[in-house]
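Peer 1: This structure is in structure tokens; I'll ask about it shortly.
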Amino acid sequence: MSGLQPVSGCGVQCDVPLSALLRLSRYLLVLAGFISGSCLLCTAAAAQDVGISVPRPFPVPVAGYEISRLEVSAVVRQQSAKVRVSSVLKNPGLQAIEASFLFPLPDDAVVGSLTLLVEGKELTGAVLEAKEARRIYEATVRRQRDPALLEYVGRRLLRSSVFPIPAGAERTVEFEYVVLPVPRGSLRELRLPLRSVRAAQSLGVTAAAPLNVQQLEVNVTIHSEQPLSTLYSPSHADVTISGGAEQKTVSLKQSSPGVPGDFVLMFSSGVQDGVPAVLSYRRNAAEPGYFMVLAAPADQQVRPVPGGRSIVLGVDRSGSMRGEKFLQAQQGIRRLLESLNADDHFDLVVYDSDVELFRNELQMATPENIQLALQWADALKPQGGTNISEGLAAALRLTSKGERPAWVLFLTDGLPTAGVTDEKQIAALASRENVGQARIFSLGVGYDVNSRLLDRLSAAHRGRTAYVPPGEQIDAAVAAIEAGIASPLLTDLQLRLIDAGGKEPDGITQMWPKKPTDLYRGEVFVYTGRYRDAGDVQVQLTGNRDGVPVTLTGNGQLTAQSSDSALSFVERLWAGRRIAELTAQMDQNGESEELLTELLELSKKHGILTPWTSFLADERQSLDAVTALPALRGAVREQAKRVSGAAAVHSRSSLQRLAASAGALPAEKSEADNADLNALFGDNAVARPALGGAGMRSGAGGLFPVPGRASAVANTDAVGQVTPAVRGPRVVGNRAFFWKEGCWMEVDLQPADRNSAQRVELFSDQYFALSEQEADAGQCLAAFGEQPVLIRLGQVVYLIESAGGAPGR
């Protein structure tokens, strides 16, 4: 009979339903666990009577559920956003569980129209106000000894009634709410919580914890009666934007993001397309503040540059390009030529020990000329050395007349071996020859390139540097660059601030970018700086659009003092760019005491480490300038010696991403990525950059630590010996913490402060009272689990640790 199984082995054979067998086996397992646990308790009691120490058994983990897919969609109309959350909950265990879904809501969410569905059936739900939600959070933290939930304190909580999830099955929970975007200067901020909390019951025991997400998708569609000029996410770098001038969709897709943080989107609309927006942050009124200006045209349509462009592709055909690399380079040439517009002009330059041109002057991009160029390129064969200086000079001479906007795409896979080989002399040669003011986009293939030279060329000539790691496609990298420069939205951008008196405000310093810049399709113009005088300002952004001068004007305010840390990312963004600027200066021109001191202080204060400053994460390294400055000086000199190789390429490409960053935080890397980067960087693994392919879009890379997280990385030294794990800094709100002497220490504290600190036991009443003492206190305590923390709250320094002072490693 189907579904029945013969039972034998005891002299009797009968048919028993398989489901009954499974239920019986579960009962037997529970009974066996109960009996074995009772025996252990009896044995332990007897052993204690005779003075024998018996280890306690570990508690059996309670089965819970996970989110296999989380979809959040929001539609913004006028002043409100309607948000729909869909979570697919999966029970990976072997037994059914009773689940209750907990979800933190935005502070100002309107939930009167709340709809809660499980598998299409309406379920009762309750919105718990902040006071009742806090009671649940604290009770769960005490019971589970997991401080992570303290981050939600102060938020209201959506709680569903109990529903079953069978073993191995999935259930979909859906609900909707309405939230009002919060004004932030001339922008509006939409914040969408993404962290769900599991509350599952099994065998009468309740477990609660933040839920891991396997697949995450967020879509925000904004409808506006006026052009949408700026869309910017300070929380996620990897968003995509689509749509027209008055309706845009911002999308985020991630696989295995872990426990995701809030998704934050800032946007603005105005009658004038591309109106600049101003954000400012000032933690301390006695110190200069930080500001950023954002702008992006609402019209992102691809259209040819009026009058056409001048495009020159310089390709390395030295002997090291033989085989698959040169075949891909030829395919890149094909993709570039086939993408040209009818008004464009082009030429091809190939170089080995010598230089050869397709034609001696730029050619119209007619079908006939493109076909001839393809035939010429297909016949090329790699040979000889690498004469970068003459190849680059020949490409720049072709654009010297300056008749059209010009771009030079320069591809190489090696170090200069012929002609001028000194990188400073090559850079000086490029400056002399570039009378047509062409943008230079450098493309490094593999790890044997002079990364410092390529970065120097791109930075000096308003271009970008992209790197193609071994195994990735050269032709795809060329196509990505061409797609970016096919339709520049605004060129020669410069910013001017004007105060209420009609003049430039005093005290505006340390601005970036320092030179006129270009904005390409899909990018946001981000300008950062510091200010001294607070007050209203007008922003004037001047440049060229479709060859016509334009001025974009916006209004904003430089705040006297910020009331909260909501815009603290403005300070952090400025710091990251300043760190990149200081590091690049010393990398190219040598160190100085002033630059070293500023770099050290910024890196510590903001917890931003690069391969130049990664030594600060070593627990044995003091953060005191007396010992840290000599170490930094040595690191800068050591990095300066590395111009080629995998470590050099990744270090400088990560620095470039930091300089161009919009400040968003990356997702954590997979274990496979970590293993590859550990082998690549060795002791610098804590500052490892993200391994990405070539492309135009610049994110934050791996240099901004994920808030509240840091992985302990076991490194390998020069002789292959495993060294102790190194923990990168953690940044929580606007506080940075380093792991020193067995605890997480706020950066402005010293080891001596630990001796005089007021001790607070983890999960005590005082511990929970501290979580309310300052706005970010609960967030800080939630970030470190049961590990010891040395933190200043108000005027008092506290050491928070578990009973007995366990190190929490």
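Peer 1: So which strands (runs of 3 or more DSSP E) stay within segment 282-362 end to end and still have 3 or more residues that are more than 30 Å from Ala560 (Cα to Cα) and open to solvent by 40 Å² or more (accessible area, probe 1.4 Å)?
Peer 2: Numbers: elements: 289-295, 310-316, 345-351, 355-357.
By residue number, 355-357.
Peer 1: Look at Ser756 and say whether it is touching a strand residue (DSSP E or B) at 6+ places or on another chain (Cβ under 9 Å) and open to solvent by 20 Å² or more (accessible area, probe 1.4 Å).
Peer 2: On the way: touching a strand residue (DSSP E or B) at 6+ places or on another chain (Cβ under 9 Å): yes; open to solvent by 20 Å² or more (accessible area, probe 1.4 Å): yes.
Yes, satisfied.
Peer 1: Within segment 375-387, identify whether any single residue is under 20 Å from Asp475 (Cα atoms), in contact with a helix residue (DSSP H, G or I) (Cβ under 7 Å, 6 or more places away or on another chain) and assigned to a helix (DSSP H, G or I), and answer yes or no.
Peer 2: yes
Peer 1: Let me ask something additional. I'd like the full set of residues that are under 21 Å from Ala169 (Cα atoms) and of a type in the set (A, V, I, L, M, F, W, C), limited to segment 75-102. Give the steps one after another, and end with the answer.
Peer 2: Step one: list which residues in segment 75-102 are under 21 Å from Ala169 (Cα atoms), which gives 85-102.
Of everything in segment 75-102, those that are under 21 Å from Ala169 (Cα atoms) and of a type in the set (A, V, I, L, M, F, W, C) turn out to be Val85, Val88, Leu89, Leu94, Ala96, Ile97, Ala99, Phe101, Leu102.
Peer 1: Got a sec? Which of Ser764, Ser756 is of a type outside the set (A, V, I, L, M, F, W, C) and without any contact (Cβ under 8 Å) to a residue 40 or more places away in the chain?
Peer 2: Ser764
Peer 1: Also, I was wondering about something else. Checking Val539 against (1) in a strand (DSSP E or B); (2) out of contact with any Leu (no Cβ under 8 Å at 6 or more places or on another chain): exactly one of these is not met. Which one?
Peer 2: Of the numbered conditions (1) in a strand (DSSP E or B); (2) out of contact with any Leu (no Cβ under 8 Å at 6 or more places or on another chain), the odd one out for Val539 is (2).
Peer 1: Filter segment 576-595 down to the residues that are of a type outside the set (D, E, K, R) and either free of Cβ contacts under 8 Å to residues at least 24 places away in the same chain or not in a helix (DSSP H, G or I) (or both) and list them by number. Spell out how you get there, then give the answer.
Peer 2: Kept after step one, since they are of a type outside the set (D, E, K, R), are these residues of segment 576-595: 576, 579-580, 582-586, 588-590, 592, 595.
Those that are of a type outside the set (D, E, K, R) and either free of Cβ contacts under 8 Å to residues at least 24 places away in the same chain or not in a helix (DSSP H, G or I) (or both): Leu582, Gln585, Asn589, Gly590, Ser592, Leu595.
Peer 1: What's the number of the condition Ile426 fails, among (1) under 37 Å from the mean Cα position of the chain (by Cα); (2) open to solvent by 50 Å² or more (accessible area, probe 1.4 Å); (3) of a type in the set (A, V, I, L, M, F, W, C)?
Peer 2: For Ile426, the exception is condition (2).
Peer 1: Right, another one. Could you tell me how many of the residues in segment 596-639 are open to solvent by 30 Å² or more (accessible area, probe 1.4 Å) and either assigned to a helix (DSSP H, G or I) or among the aromatic types (Phe, Trp, Tyr) (or both)?
Peer 2: The number of residues fulfilling the criteria is 14.
Peer 1: Here's another thing I want to ask about it. Could you give every pair whose Cβ atoms fall below 8 Å, whose first residue belongs to segment 246-261 and is more than 17 Å from Leu70 (Cβ to Cβ) and hydroxyl-bearing (Ser, Thr, Tyr), and whose second residue is modelled with pLDDT of 90 or more and outside any strand (DSSP E or B), counting only separations of at least 6 or pairs across chains?
Peer 2: Partner pairs satisfying both residue conditions: none exist.
Peer 1: Determine the pairs where a residue that is assigned to a strand (DSSP E or B), located within segment 782-797, has a partner that is of a type in the set (Phe, Trp, Tyr) and buried (at least 20 other Cβ atoms within 10 Å of the Cβ) with Cβ atoms under 6 Å apart, the partner being 6 or more residues away or on another chain.
Peer 2: As it stands, the answer is Val789/Trp744; Ile791/Tyr798, since those pairs meet every condition given.
Peer 1: Looking for something out of contact with any helix residue (DSSP H, G or I) (no Cβ under 9 Å at 6 or more places or on another chain), open to solvent by 40 Å² or more (accessible area, probe 1.4 Å) and in a loop (DSSP other than H, G, I, E, B) - is there at least one such residue anywhere in segment 435-454?
Peer 2: Kept after step one, since they are out of contact with any helix residue (DSSP H, G or I) (no Cβ under 9 Å at 6 or more places or on another chain), are these residues of segment 435-454: 437.
Keeping just the survivors that are open to solvent by 40 Å² or more (accessible area, probe 1.4 Å) gives 437.
Cutting the leftovers down to in a loop (DSSP other than H, G, I, E, B) gives us 437.
Checking segment 435-454: at least one residue is out of contact with any helix residue (DSSP H, G or I) (no Cβ under 9 Å at 6 or more places or on another chain), open to solvent by 40 Å² or more (accessible area, probe 1.4 Å) and in a loop (DSSP other than H, G, I, E, B).
Peer 1: Right, here's the next one. Residues that are within 21 Å of Val649 (Cα to Cα) and part of a loop (DSSP other than H, G, I, E, B): does segment 391-412 have at least one?
Peer 2: Within segment 391-412, not a single residue is within 21 Å of Val649 (Cα to Cα) and part of a loop (DSSP other than H, G, I, E, B).
Peer 1: In segment 65-102, which residue that is among the small types (Gly, Ala, Ser) and open to solvent by less than 10 Å² (accessible area, probe 1.4 Å) is nearest to Ser255 (Cα to Cα)? Lay out the reasoning, then the answer.
Peer 2: At the first step, the residues of segment 65-102 found to be among the small types (Gly, Ala, Ser) are 68, 73-74, 80-81, 86-87, 93, 96, 99-100.
Then keep just the ones that are open to solvent by less than 10 Å² (accessible area, probe 1.4 Å); that gives 74, 81, 87, 99.
Values: Ala74: 20, Ala81: 26, Ser87: 15, Ala99: 24 Å.
If we take residues in segment 65-102 being among the small types (Gly, Ala, Ser) and open to solvent by less than 10 Å² (accessible area, probe 1.4 Å), then Ser87 is nearest to Ser255 (Cα to Cα).
Peer 1: Let me ask something else. Restricting to segment 363-373, name every residue that is outside any loop (DSSP other than H, G, I, E, B) and either among the β-branched types (Val, Ile, Thr) or surrounded by fewer than 16 Cβ atoms within 10 Å (Cβ to Cβ) (or both). Explain how you work it out, then say what you get.
Peer 2: Let us first name the residues in segment 363-373 that are outside any loop (DSSP other than H, G, I, E, B), namely 363-364, 367-373.
Passing the criteria: Met364, Pro367, Glu368, Ile370, Gln371, Leu372.
Peer 1: Follow-up question, since we're still on this one. Condition check: of a type in the set (Gly, Ala, Ser), open to solvent by less than 40 Å² (accessible area, probe 1.4 Å) and touching a residue at least 12 places away in the same chain (Cβ under 8 Å). Does Ala560 satisfy that? Even if it seems obvious, please write down each step before you answer.
Peer 2: Numbers: of a type in the set (Gly, Ala, Ser): yes; open to solvent by less than 40 Å² (accessible area, probe 1.4 Å): no; touching a residue at least 12 places away in the same chain (Cβ under 8 Å): yes.
It is false that Ala560 is of a type in the set (Gly, Ala, Ser), open to solvent by less than 40 Å² (accessible area, probe 1.4 Å) and touching a residue at least 12 places away in the same chain (Cβ under 8 Å).
Peer 1: For Gln363, are the conditions met, namely being touching a helix residue (DSSP H, G or I) at 6+ places or on another chain (Cβ under 7 Å) and without any contact (Cβ under 8 Å) to a residue 40 or more places away in the chain?
Peer 2: Values: touching a helix residue (DSSP H, G or I) at 6+ places or on another chain (Cβ under 7 Å): yes; without any contact (Cβ under 8 Å) to a residue 40 or more places away in the chain: yes.
So Gln363 passes the test.
Peer 1: Could you say which residue among Ala480, Ala486, Ala466 is at pLDDT 80 or above and either open to solvent by less than 20 Å² (accessible area, probe 1.4 Å) or of a type in the set (Gly, Ala, Ser) (or both)? Before the answer, list the steps.
Peer 2: Details: Ala480 fails: at pLDDT 80 or above; Ala486 fails: at pLDDT 80 or above.
Going through Ala480, Ala486, Ala466 in turn, just one is at pLDDT 80 or above and either open to solvent by less than 20 Å² (accessible area, probe 1.4 Å) or of a type in the set (Gly, Ala, Ser) (or both): Ala466.
Peer 1: Still on this structure, I have one more. Out of Arg397, Arg335, Arg404, which single residue is of a type in the set (Lys, Arg), in contact with a Gly (Cβ under 8 Å, 6 or more places away or on another chain) and either under 22 Å from Gly645 (Cα atoms) or touching a residue at least 24 places away in the same chain (Cβ under 8 Å) (or both)? First the steps, then the outcome.
Peer 2: Details: Arg397 fails: in contact with a Gly (Cβ under 8 Å, 6 or more places away or on another chain); Arg335 fails: in contact with a Gly (Cβ under 8 Å, 6 or more places away or on another chain).
From the options Arg397, Arg335, Arg404, the qualifying one is Arg404.
Peer 1: State the number of residues belonging to segment 494-514 that are open to solvent by less than 40 Å² (accessible area, probe 1.4 Å) and under 26 Å from the mean Cα position of the chain (by Cα).
Peer 2: 1
The values are calculated or read from the model by the stated rules, or taken from the named source; none is laboratory data. Not measured: the values here are computed from a predicted model. Here the Cβ is made from the backbone with ideal geometry for all residues, glycine too, and neighbour counts use every protein chain on show. Only protein heavy atoms, including side chains, enter the accessible area calculation; ligands, DNA and RNA are left aside. Shrake-Rupley method; radii C 1.70, N 1.55, O 1.52, S 1.80 Å.
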